[in-house]
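To start, the structure under review is shown below, and the notes come after it.
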């Protein structure tokens, strides 16, 4: 991603914000901060934008949750080791 967001990227972000996309607040979620390499964040953000364009929500967190769920078994085995 370039330093300047494209107009379509900004429109998607604005649309997601207006739909109420944002941190979920419930007893089943937690707000956290993670440190990621810039390239990793940019890739996650690109995937989130692509999903938002297809009618999904603009959410890097949702992309991370999907990745974890796809690899839950591996991660649980590693955590037990």
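Each reported figure results from applying straightforward, stated rules to the coordinates on display, with no laboratory input. From a predicted model like this one, the values you see are computed outputs, not experimental measurements. All Cβ positions, glycine included, derive from the backbone under ideal geometry; neighbour counts span all protein chains shown.
Observations on the structure shown:
- Remark: 28, 71 ranked as 28, 71, counting other beta-carbon atoms within 10 Å and listing the fewest first.
- Net lengthening on full extension, residue 69/residue 50 (0.36 nm per residue, minus Cα-Cα): 4.9 nm
- Fraction of C-alpha pairs exceeding 15 angstrom in the range 33-81: 54 percent, rounded to a whole number.
- Listed by Cβ neighbour count within 10 Å, with the fewest neighbours leading, 63, 35 appear as 35, 63.
- Packing-based ranking, highest mean first, of 43-50, 54-61 given that Cβ atoms within 10 Å are counted: 43-50, 54-61
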